[in-house]
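The block underneath contains the structure these notes are about, expressed in structure tokens.
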Amino acid sequence: MTFLVGNGGGFSGDRVDAPIPVVRSLVARGLPAAMFFETLGERTVALAQLERRRDPELGYEPMLERLLEPILADCFRARIPILGNFGAANPPAAARLVARLALRLGLPELKIAVIGGDDVMGSIALDQLPVHEADGSIDIKSARLVAANAYIGAEPLVEALRLGADVVVAGRTSDPALAIAPLVHHFGWSFDDWEKLAVGAACGHLLECGSQVTGGVFWDPGFKDIPDPANIGFPIAEVTAEGGLVITKPEDTGGIVDLRTIKEQLLYELHDPSHYITPDVVLDISRCHVEQVGKDRVAIHGLGGRPRPDTLKVTASFEGSWLGEGEVSVAGPNALARARATADVLLRRLEMRQLGVRARVDLIGIASVLVSDVGALWRGYEGPEPPEVRIRLAAEGADRDMVDQAAREVLAMLCCGTAGTGGARWRLTPRILTRSYLVLRERVPTTVSVRSAREMA
């Protein structure tokens with residue numbers, strides 16, 4: 001029988017209405033199914049850890065209640081488990097929130113699992129671990145450790161489902177593990193059946209970014225159009241026990257699933273298509289092929305799998321330097337010349353004050369994205385005269401006050417800058433440095449705790 005895997009979120013702060021049509025479709029089809037939410041980026045856990053320091057009851061996905069409230073009751077009644085790494089830095093607190101929500105919705109018997117073990121800060125000496133890939137060039141000598149989390153695999157998630165969990169709350173899992181777990185649990189796949197696990201990993205990889213596989217990011221008006229982008233649907237995978245895999249989406253949503261969107265997402269973040277490492281399996285897509293089998297339906301064939309690595313990736317986050325940003329606008333005739341002059345003055349001011357910061361200026365709309373440092377592109381711009389230009393000054397350094405002073409230089413442009421200048425603002429934010437390590441998986445034991453909402457709240 002076919003098992004359905006739906007995705008309801010691809011990053012922290014994703015669309016809170018996106019899971020609703022996915023769950024509606026899963027319920028209507030009446031097949032065994034699961035929902036997963038992937039809400040963690042590399043730095044998300046570190047930012048969540050900072051939130052937890054400010055308040056012990058925070059540190060999880062801030063949109064969690066809004067994401068789950070519209071779907072929790074329907075999933076519980078249809079026996080569709082929900083899995084997510086939305087616990088971030090504080091899975092127990094996230095689980096308590098889910099319990100309170102369940103009680104409010106009249107679901108006291110809903111079972112919630114908390115997965116622990118990914119947080120290795122304090123339990124593993126990072127300086128004794130090999131540094132992953134090219135991260136050795138990152139200077140962390142004087143930086144303070146904020147978070148250290150191992151990418152755990154699907155095994156504790158499968159155990160949670162075996163224990164009857166309706167909602168599985170995890171922290172730093174690998175993205176594909178969130179799809180592998182319900183497939184292993186439902187079909188009884190072995191954790192050394194590399195070909196089947198490869199299908200699960202590809203399923204998770206294709207779905208993990210939400211609407212990216214249904215036309216998001218792919219969309220380029222006039223070149224790669226998609227229908228109804230304001231109502232873009234999130235993906236659903238159809239998986240069989242033999243390893244069949246089809247990607248689709250709810251019928252009543254916008255977006256598109258075709259060979260192009262599937263190929264783009266398959267290659268997303270893959271350094272080596274023949275050797276995509278996950279904690280559960282090494283995925284090989286080098287011989288796979290895709291087939292359009294219907295409207296918004298694409299099948300993936302020929303996936304390969306090899307034994308999982310002996311190590312897990314640990315991403316450590318450190319408090320870095322400070323980033324100061326100041327912005328100001330110029331508008332009207334001769335706006336570009338005035339913007340260039342303002343940019344030159346800002347850079348000259350920082351040089352005069354000797355604040356010890358590294359700085360650059362961007363002219364937004366002229367050249368900002370494609371410049372690597374104090375840019376040359378906007379200096380040589382010879383295109384049409386813009387009606388307005390937004391000037392952005394960015395300064396970076398270790399001294400908070402010096403960076404703040406640099407960003408505030410845009411304020412002077414209101415009183416002693418060029419004509420027609422206004423709309424100044426500035427802000428100061430801490431930067432997070434990340435560095436990854438490799439640790440033997442036996443050094444990262446995981447825990448699984450399952451309780452009802454009534455017991456947990």
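Key figures
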{"item": "Alpha-carbon centroid distance for the pair the stretch 428-457 / the stretch 341-363, whole angstrom", "result": "41"}
{"item": "Label-zone membership for the stretch 218-233, site R260, 7 angstrom Cα→C-beta point, backbone N under 15 Å", "result": "218-229"}
{"item": "Pairs beyond 28 Å (Cα-Cα), from K196/K313; K111/K263; K263/K295", "result": "K111/K263"}
{"item": "Kirkwood Rh, angstrom, the stretch 191-263 [1 / mean 1/r, Cα pairs]", "result": "12.9"}
{"item": "For the stretch 1-105, the fraction of alpha-carbon pairs in successive 10 Å shells from zero, as %", "result": "15, 46, 29, 9, 1"}
{"item": "Hz values of 3J(HN,Hα) by residue in the stretch 277-284 - Karplus curve (6.51, -1.76, 1.60), Gly and Pro given as x", "result": "8, 10, x, 9, 6, 9, 8, 10"}
{"item": "Residues C288, C415 arranged by fewest to most Cβ contacts within 10 Å", "result": "C415, C288"}
{"item": "Burial ranking of peptide ranges 271-277, 304-310, 405-411 (average Cβ count within 10 Å, highest at the top)", "result": "405-411, 304-310, 271-277"}
{"item": "Ellipsoid equivalent to the stretch 186-337 - semi-axes via the Cα gyration tensor, in Å", "result": "35, 25, 13"}
{"item": "Euclidean distance between Cα centres, the stretch 1-49 to the stretch 230-305, Å", "result": "16"}
{"item": "Spatial separation of Cα centroids for the stretch 60-127 and the stretch 168-228, in angstrom", "result": "19"}
{"item": "DSSP-assigned coil residues among chymotrypsin sites (Phe, Trp or Tyr not before Pro) in the stretch 182-258, each with at most 13 further Cβ atoms within 10 Å", "result": "F223"}
{"item": "Ordering of 159-172, 16-29 by packing [mean C-beta count within 10 Å, highest first]", "result": "159-172, 16-29"}
{"item": "12 Å reach of a label modelled at A73, 7 Å along Cα-to-Cβ, counting backbone N of the stretch 84-107", "result": "102-107"}
{"item": "Those GluC sites (Glu not before Pro) in the stretch 232-317 that DSSP places in a loop and that have at most 15 other beta carbons within 10 Å", "result": "E242, E251, E269"}
{"item": "Convex hull volume per residue for the chain, taking Cα atoms only, in Å³", "result": "166"}
{"item": "Directionally averaged projected area (convex hull, Cα atoms, the stretch 333-419), nm²", "result": "5.7"}
{"item": "Largest-first principal axis extents of the Cα set of the stretch 112-242 (Å)", "result": "50, 42, 30"}
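Since every read-out is calculated from the coordinates, none of them should be taken as a lab result. Quick caveat: nothing in here was measured; it's all calculated off a predicted structure. Here Cβ is always computed from backbone atoms with ideal geometry, including for glycine, and neighbour counts include all displayed protein chains.
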